[in-house]
Structures are given as structure tokens and as C-alpha cells.
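Everything on this sheet refers to the single structure shown next.
The values are calculated or read from the model by the stated rules, or taken from the named source; none is laboratory data. As the structure is a prediction and not an experimental result, all values here were calculated from the model. Glycine also receives a Cβ, built like all others from the backbone with ideal geometry; neighbour counts cover every protein chain displayed.
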Amino acid sequence: MPETAEPIVWSCRDIPGAIVRVTPDLFEPEVRTKIRDEVFATMALCPQHRFELRTAYPRAYHDYVRVIAEDRGEYLAWRAAAGIILRKLGRAHEATGSGAQWPLENVMLID
């Protein structure tokens, strides 16, 4: 990931339903899990959008999704990341309820 990249913070409400191509590769070995968690939390908060991921590491993608879907502790850790995103967006009051179902239906791994 380039050192000069600046984070983009946007609300799902900023744009109507769209296809969003996520770059860079979230599953490169140097990308930290915290960053992945935050990106997936943002995608979960925007169910009206379709997110397309490309990765040179599809096994890492499938392992990440499987672990969160199957391990309650990992799912709760991911929910904490979603709560941080909600606070950044001024939507902390939405951090209740059962949360998103995994795997996220609006996230696609494409070739």
C-alpha cells in the first residue's frame, strides 16, 4: 500500500447505490487486519452498494471471511471495528442489534 495514500471517509448516504471497486489489494501480506476490518465494516454499513474486490491472495480472503463467519469471538472483534466506523460517521447510535450476517452479501471477489 503506498505510503502517501490518504484515507477517504465517506458516508453511504453520500452517493446512491453503486458498484465500488476496492483497491488496493486488501489481502496483501503487509495489509494489517485492522485495516481489513475497517473496510469490511464500511462495506457492511452500505448494503445498497456492491463492493468488488480483486486479490492476488484469494485463499487469504476466503480464510478471513470464514473465520469471522464461524468464530463468534472474531465476529465480535469485527463488530468493534464496525462500531469505530459508525462513531467516525456520527452514527454511533446505530451500533446496536444483531449486526451484519457473514459473509457479506454485497461483497464480491472477482477474477
Worksheet item: Based on what the data block shows, is L86 farther than 15 Å from L26 by Cβ and hydrophobic (A, V, I, L, M, F, W, C)?
Response: yes
Worksheet entry | Residues located in region 12-34, provided they are outside any loop (DSSP other than H, G, I, E, B) and either modelled with pLDDT of 90 or more or of a type in the set (G, A, S) (or both) | R21, V22
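Quick one: would you say I68 is at pLDDT below 85 and within 14 Å of the chain's Cα centre (by Cα)?
Working: at pLDDT below 85: no; within 14 Å of the chain's Cα centre (by Cα): yes.
Against the criterion (at pLDDT below 85 and within 14 Å of the chain's Cα centre (by Cα)), I68 does not qualify.
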Practice prompt. Please name all residue pairs, on different chains or six or more residues apart, with Cβ atoms under 8 Å, provided the first residue is in region 51-68 and is assigned to a loop (DSSP other than H, G, I, E, B) and the second residue is acidic (D, E).
Written response: R54/D25; R54/D111; T55/D25; T55/E28; A56/D25; A56/E28; Y57/D25; Y57/E28
Worksheet, complete the sentence: For R79, the lone unmet condition from (1) more than 14 Å from the chain's Cα centre (by Cα); (2) at pLDDT below 95 is (1)
Item to complete: Tell me which of these D37 doesn't satisfy, since it passes every other one: (1) outside any loop (DSSP other than H, G, I, E, B); (2) at pLDDT 90 or above.
Response: (2)
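Considering only residues of region 14-38 that are of a type in the set (A, V, I, L, M) and closer than 21 Å to E105 by Cβ, which is surrounded by the most Cβ atoms within 10 Å (Cβ to Cβ)?
Per the criteria, the residue is L26.
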Discussion item. Go through region 52-66 and report how many residues are surrounded by fewer than 13 Cβ atoms within 10 Å (Cβ to Cβ) and either aromatic (F, W, Y) or over 17 Å from V22 (Cα atoms) (or both).
Written reply: 2
Fill in: Test result for E105, surrounded by 12 or more Cβ atoms within 10 Å (Cβ to Cβ), at pLDDT 85 or above, acidic (D, E) and outside any helix (DSSP H, G or I)
no
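With more than 24 Å from G17 (Cβ to Cβ) and surrounded by 12 or more Cβ atoms within 10 Å (Cβ to Cβ) as the only criterion, which of A81, A69, A41 stands out?
Answer to the check: A69.
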